[in-house]
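Scroll down for the structure; my scribbles are underneath it.
The values are calculated or read from the model by the stated rules, or taken from the named source; none is laboratory data. Treat the numbers as computed from the prediction; the structure is a model and nothing was measured. Here the Cβ is made from the backbone with ideal geometry for all residues, glycine too, and neighbour counts use every protein chain on show.
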Amino acid sequence: SPDPNLLVATGLCKCFGGIHAVDHAEISVARNSITGLIGPNGAGKTTLFNLLCNFIPPDQGRVIFDGEPISHLPPHQVALQGLLRTFQVPRVLSRLSVLENMLLAAPRQTGEQFWNSWLKPLRIRQEEQELRQRAWHLLESVGLAAKANDYAGALSGGQRKLLEMARVMMHRPRLVLLDEPAAGVNPTLINQICEYILQWNQQDGVTFLIIEHNMDVIMSLCHHIWVLAEGKNLANGSPSEIQTNPDVLRAYLGQ
Ligand code: ATP
């Protein structure tokens, strides 16, 4: 595809009561990039994420993912297209093991097409084996293999963030929306999380769009940054452009 952008959203609007949480916002995410989405508290960043993957239907606007409109698809269909997201507060299933969390998330291919086939049980067994291998591999790569059989509820906040990211990777995503991956995470783990993001980006070609208040994380990871304020686009540019943009500085100083 000739379009250098994997995701393009235009004219997005969402009102809650009288509040314009997202107000004619646009965003684009270049293929294979790590792109940032920043803005003061209440700027509408999480709402924009919800609109991008249709967790909340937009009042207006459209979202194009890899050249195809996706605004009409429910979130699980969006996920099957390769667009995944994490949440500000990780949504792990506390009463299940870490490994079970990974396996439950995995999309299964052996659906309808093998329904009438004598091969079906074999295919399912093979698929489960592959998913298990992938789950172990991912848990190893984020340092959670030793916790595979622990309850997910026993993990620390930072470890839950890792589990959620690893779980998203079970889908072999093309674009991952990360909602504050560094929030409430200790500095050592923040560095590790940044390394995993870089590794998945560089080695697996995963594109990332990241909401984050930690500016060190944003400035060190991102190729391009979008700034939202009061639901509207305030600026977008390279990290150095954003760091010196007077409108951005003003928005952050709360003038
Ligand atoms: P933060 O950085 O603090 O997480 P944010 O930029 O992600 O903020 P949003 O959470 O998208 O901002 O919120 C934008 C605005 O929309 C806020 O005024 C918020 O109170 C409002 N809002 C968000 N979700 C809802 C909802 N479900 N119902 C009513 N108002 C909402």
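Just checking, does segment 65-75 include any residue being surrounded by fewer than 17 Cβ atoms within 10 Å (Cβ to Cβ), under 14 Å from the mean Cα position of the chain (by Cα) and of a type outside the set (A, V, I, L, M)?
Checking segment 65-75: at least one residue is surrounded by fewer than 17 Cβ atoms within 10 Å (Cβ to Cβ), under 14 Å from the mean Cα position of the chain (by Cα) and of a type outside the set (A, V, I, L, M).
Is there a residue in segment 52-61 that is over 21 Å from I211 (Cα atoms), away from the ligand (no atom under 13 Å from the Cβ) and at pLDDT below 95? The answer is no, given that none of the residues of segment 52-61 is over 21 Å from I211 (Cα atoms), away from the ligand (no atom under 13 Å from the Cβ) and at pLDDT below 95. The residues listed here are D59, D23, D66; of these, the one that is among the acidic types (D, E), touching a Cys at 6+ places or on another chain (Cβ under 9 Å) and farther than 20 Å from A235 by Cβ is D59.
Residues in segment 56-80 that are within 24 Å of K161 (Cβ to Cβ) and part of a loop (DSSP other than H, G, I, E, B): I56 alone.
Among the residues making up segment 64-88, those that are in contact (Cβ under 8 Å) with a residue 24 or more places away in the chain, more than 26 Å from R250 (Cα to Cα) and within 16 Å of the ligand (Cβ to nearest atom) are R85, T86, F87. L99 falls short on exactly one of the conditions (1) in contact with a strand residue (DSSP E or B) (Cβ under 8 Å, 6 or more places away or on another chain); (2) not in a loop (DSSP other than H, G, I, E, B), and that condition is (1). Annotation note: of F55, F49, F87, the sole residue that is among the aromatic types (F, W, Y) and within 19 Å of A229 (Cα to Cα) is F49. All conditions but one from (1) more than 30 Å from K14 (Cα to Cα); (2) at pLDDT 90 or above; (3) of a type in the set (S, T, N, Q); (4) surrounded by 15 or more Cβ atoms within 10 Å (Cβ to Cβ) apply to T110; the one that does not is (2).
Name the strands (runs of 3 or more DSSP E) wholly inside segment 168-255 in which the number of residues that are under 20 Å from the mean Cα position of the chain (by Cα) and either of a type in the set (F, W, Y) or crowded, with 21+ Cβ neighbours inside 10 Å (or both) is 2 or more.
Details: elements: 175-179, 207-211, 224-229, 232-237.
Answer list for segment 168-255: 175-179, 207-211, 224-229.
Taking segment 121-156 only, how many residues are surrounded by 15 or more Cβ atoms within 10 Å (Cβ to Cβ), touching a strand residue (DSSP E or B) at 6+ places or on another chain (Cβ under 9 Å) and not in a strand (DSSP E or B)? Adding up the residues that qualify gives 3.
A single entry from V22, V8, V98 fulfils the requirement of being more than 12 Å from the ligand (Cβ to nearest atom), buried (at least 21 other Cβ atoms within 10 Å of the Cβ) and either modelled with pLDDT of 90 or more or within 30 Å of G157 (Cβ to Cβ) (or both): V98. Any residue that is within 9 Å of the ligand (Cβ to nearest atom) and within 15 Å of I210 (Cα to Cα) - is there at least one of those in segment 30-37? Checked segment 30-37: at least one residue is within 9 Å of the ligand (Cβ to nearest atom) and within 15 Å of I210 (Cα to Cα).
What are the residues in segment 15-39 that are touching a helix residue (DSSP H, G or I) at 6+ places or on another chain (Cβ under 6 Å) and farther than 11 Å from W226 by Cβ, if any? Matches in segment 15-39: A21, V22, I34. Can you find a residue that is of a type outside the set (A, V, I, L, M, F, W, C), more than 16 Å from the ligand (Cβ to nearest atom) and within 30 Å of E140 (Cβ to Cβ) anywhere in segment 237-248? Looking for residues that are of a type outside the set (A, V, I, L, M, F, W, C), more than 16 Å from the ligand (Cβ to nearest atom) and within 30 Å of E140 (Cβ to Cβ), one finds none in segment 237-248, hence no.
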